[in-house]
Amino acid sequence: MPEFQYKAKDSQGLPHSGTISAPSKSLAAGQLRDRGWMVLFMDAQSVPDSRKALSMRWTHHLPPRAVSVEMSLLQLAMMVRSGMTLLTAIESVIEQTPRNTLKRIWSDVSSQIQAGQGLSEAMTAHSCFPEFVLRLVKVGEQSGNLAMVLTRAAQTMRNRRDSRDSIISATIYPVLILVLAAAVTTYMIIFLIPQLENYLQSLGKDLPVMTQTLIDSSFWLREYYPFLLVAVLTIVTCSWIAFVSPESRIVIDKWLLRVPIFGKLFQMGETATFARSLSMMLKSGVTLTEGLTAIEKIVGNRFLRRTIVSARENIIRGASLADAFKQAGAFHPMLYRMAAIGQQTGELYRAMDEVADFQDAQLKAMIKRLNAILTPVLTIAVGGVVGYVYIAFFMALVAAGS
């Protein structure tokens, strides 16, 4: 029978710790509660084999993945909806969670609840739960609709993840192709062209202009590569410093929204995330200003974050949501136009859902068109680099044989 380590305290506040045997963790905790004890900590006691121990060393300090947190919230919502008590539901989540870090987080949440805290208050101590999740859970506790808001919190996390993955999928292919082109070009400059240069010079003939230009370019790059390397490292260092500096990061993120094609992708993705999250907040009973405070942490673009802060301050001063975002001009124009309609009809959350659905559809269509255009363009570009070298070489062979 499995054994579980526990820490508890009795009705007089005296601490107790040790091991207890039971078929499951929930039954073990029940045995301790039958004694009148409050369970503070409980975990399975086992002697891991070498392979499991190695896995634990690798994963012991890894933070929980967002998708794992999302699944645990869905599991908790399902069990609470079925009638389980909150503590029993959390214990079931702990048993079904594969990663140890998330097990420890939910165990700590369970301990804090048993100590008298609410679920949202216990979750606040762990950064894996986003701000909007905490606010939704708090509203769910107050309204008695905890299962519903947990489901909505998980859905919001999934929508944000899907939007981010769509943008990454659109940008990762061009980046990989450019890296491949740079690697091929570097190989030619360092290894291939010097060998061709020695061979062609041994023929004793004048080289065509195309071939001589290629050899001169290779010689120049090999001669001055230390200076080029220093220049690249300087640019990378300065870019990193600017990226981590709060004020510079705002300028960079603002510029990213204006980059041709990709800036439009970023704007669509962030607009969809904002609109979907705000709709979830409003449907769950969160006020508009509280919702904007929570969503500020969701949006990745720092310039858009500052826009949300400014809009919230304008709303507090009496401005409408539509006017607040229209003045900023950072999100897609459809956002403030639909916000105006939603506020007039009293169904702002429904208008935000429409914005999110439309932006998601536009984003997917744009990514599809972008991939269709970039695939042949980048293939031709990489092929052009390789083809130039081969054409220059064969022109030199033809000139040498004539």
Tell me, which helices (runs of 4 or more DSSP H) lie completely within segment 68-137 with 1 or more residues that are closer than 23 Å to Gly30 by Cβ and polar (S, T, N, Q)?
86-96, 100-114
Of the candidates Val149, Val175, the one satisfying the condition of being in a helix (DSSP H, G or I), without any contact (Cβ under 8 Å) to a residue 60 or more places away in the chain and under 28 Å from the mean Cα position of the chain (by Cα) is Val175
Condition set under 30 Å from Val386 (Cα atoms) and not in a helix (DSSP H, G or I), scope segment 199-254, selection most open to solvent (accessible area, probe 1.4 Å): answer is Asp206
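Listed here are the residues, each with its yes/no results for (1) closer than 30 Å to Phe274 by Cβ; (2) at pLDDT below 75.
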position	(1), (2)
Thr156	yes, no
Ala170	yes, yes
Val179	no, no
Val184	no, no
Residue in segment 154-166 that is touching a helix residue (DSSP H, G or I) at 6+ places or on another chain (Cβ under 8 Å) and in a loop (DSSP other than H, G, I, E, B) present:
no
Being on the phi < 0 side of the Ramachandran plot, at pLDDT 75 or above and open to solvent by 50 Å² or more (accessible area, probe 1.4 Å), is that true of even one residue in segment 50-59?
no
Filtering segment 109-119 down to residues that are without any contact (Cβ under 8 Å) to a residue 40 or more places away in the chain and surrounded by fewer than 20 Cβ atoms within 10 Å (Cβ to Cβ), which residue is farthest from Met38 (Cα to Cα)?
Gly118
Ser277 vs. criteria touching a Phe, Trp or Tyr at 6+ places or on another chain (Cβ under 9 Å) and among the small types (Gly, Ala, Ser):
yes
What number goes with the only condition from (1) in a helix (DSSP H, G or I); (2) crowded, with 21+ Cβ neighbours inside 10 Å; (3) in contact (Cβ under 8 Å) with a residue 40 or more places away in the chain; (4) touching a Phe, Trp or Tyr at 6+ places or on another chain (Cβ under 9 Å) that Thr307 does not pass?
(3)
Among the residues of segment 7-21, which ones are modelled with pLDDT under 80 and surrounded by 17 or more Cβ atoms within 10 Å (Cβ to Cβ)?
Ile20
In segment 178-192, which residue that is among the hydrophobic types (A, V, I, L, M, F, W, C) and in contact (Cβ under 8 Å) with a residue 24 or more places away in the chain is most open to solvent (accessible area, probe 1.4 Å)?
Leu178
For Ala319, which of the numbered conditions (1) under 25 Å from the mean Cα position of the chain (by Cα); (2) part of a loop (DSSP other than H, G, I, E, B) fails to hold?
(1)
Return yes when Gln195 is without any contact (Cβ under 8 Å) to a residue 12 or more places away in the chain, out of contact with any strand residue (DSSP E or B) (no Cβ under 9 Å at 6 or more places or on another chain), open to solvent by 80 Å² or more (accessible area, probe 1.4 Å) and closer than 14 Å to Phe393 by Cα and no when it is not.
yes
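For every residue, the table says whether it meets (1) open to solvent by less than 30 Å² (accessible area, probe 1.4 Å); (2) out of contact with any Phe, Trp or Tyr (no Cβ under 8 Å at 6 or more places or on another chain); (3) among the charged types (D, E, K, R); (4) closer than 30 Å to Ser284 by Cβ.
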| residue | (1), (2), (3), (4) |
| --- | --- |
| Leu348 | yes, yes, no, yes |
| Gln359 | yes, yes, no, yes |
| Lys368 | no, yes, yes, no |
| Val385 | no, yes, no, no |
| Met395 | no, yes, no, no |
| Val398 | no, yes, no, no |
So for segment 255-264 (the condition being surrounded by 20 or more Cβ atoms within 10 Å (Cβ to Cβ), touching a residue at least 40 places away in the same chain (Cβ under 8 Å) and assigned to a helix (DSSP H, G or I)), does at least one residue qualify?
no
I'm trying to understand the selection: among the residues of segment 223-259, which are among the aromatic types (Phe, Trp, Tyr) and at pLDDT below 85?
Tyr224, Tyr225, Phe243
I'd like to know if segment 250-262 contains one or more residues that are under 30 Å from Phe303 (Cα atoms) and more than 28 Å from the chain's Cα centre (by Cα).
no
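The values are calculated or read from the model by the stated rules, or taken from the named source; none is laboratory data. Everything numeric here is computed off the predicted structure, so don't read it as measured data. Please note: Cβ atoms are built from the backbone with ideal geometry, for glycine as well, and neighbour counts cover all protein chains shown. Side chains are part of the model used for accessible areas, which takes the heavy atoms of the whole protein and leaves out ligands, DNA and RNA. Shrake-Rupley method; radii C 1.70, N 1.55, O 1.52, S 1.80 Å.
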